[in-house]
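Computed from the coordinates by the stated procedures, all read-outs in this text should not be read as laboratory data. These numbers come from a predicted model, not from an experiment. For neighbour counting, all protein chains shown are included, and Cβ atoms are generated from backbone atoms with ideal geometry for every residue, glycine included.
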Amino acid sequence: MKRNSDALKLRTKTFALRVLNLYRSLPRTQEARILGTQLLRSSTSIGANYRAACRGRSRADFVAKLGIVLEEAAETVFWLELFQEGKIFPPEKLRDLVHEANELVAIFVSSVRTAKEPLQSDL
């Protein structure tokens with residue numbers, strides 16, 4: 001389990017750094033900067049909140065914090081979609097980031113479900 005959490009910590013950090021690089025290369029328009037700031041906040045929150053979840057004091061605390069991670073990952077997908085559909089940044093340059101963001105959402109959906117199972121059996 002520790003190995004998986006360490007790998008996911010690294011993956012979410014790498015993702016945040018990739019978004020940071022994207023942010024630095026955004027056009028110097030007001031709309032790009034506003035949306036870019038939102039994207040930067042949500043994408044960096046994925047890794048930060050995942051680390052907080054790993055330090056949860058109980059399974060319920062872990063599940064709650066993991067839910068926040070999932071929300072941030074889904075929000076990140078939304079901002080990336082706006083960049084694509086709003087033609088703010090070339091879609092082909094966003095393709096890998098969008099793919100990774102969607103994979104992170106899928107991972108955290110599965111993680112939340114798995115983490116909730118023992119809690120539901122306690123009811």
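Using a Förster distance of 35 angstrom, determine the FRET efficiency expected from the C-beta separation of Arg95 and Cys54, and round it to 0.05.
After rounding to 0.05, the efficiency reads 0.75.
Any idea what diffusion coefficient the chain gets from Stokes-Einstein, in µm²/s, Kirkwood Rh on alpha carbon pairs, 25 °C, 0.890 mPa s?
Taking Rh from Cα pairs, D becomes 164 µm²/s.
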Check your understanding: Which one of Ala52, Gly36, Val105 has its Cα pushed farthest toward the positive end of the charge dipole of the chain, where Lys and Arg give +1 and Asp and Glu give -1 at the Cβ?
Key -> Ala52
Practice item. Run through all the Cα pairs of segment 1-59 and give the fraction in each 5 Å bin from 0, expressed as whole percent. Key: 4, 19, 22, 18, 13, 10, 7, 4, 2
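I want the local charge near Leu66. Using Cβ-Cβ distances under 14 Å, sum +1 for each Lys or Arg and -1 for each Asp or Glu among the other residues.
Values: positive: Lys9, Arg51, Arg55, Arg57, Arg59, Lys65, Arg113, Lys116; negative: Asp61, Glu71, Glu72, Glu117.
Neighbour charge sum, excluding Leu66 itself: +4.
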Exercise for review: Work out the count of Lys pairs in the chain where the Cα-Cα distance is under 28 Å, with the pair 8 or more places apart or on different chains.
Suggested key: 11
Review point. What percent does the relative contact order of the chain come to when contacts are Cα pairs within less than 8 Å and at least six residues apart?
Key: 25
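What longest range of the chain stays clear of loop-exposed trypsin sites (Lys or Arg not before Pro) (DSSP non-H/G/I/E/B, at most 11 other C-beta within 10 angstrom)?
Details: sites that count: Arg28, Arg55, Arg57, Lys87.
With trypsin sites (Lys or Arg not before Pro) excluded where exposed in loops, the chain gives 88-123 as its longest stretch.
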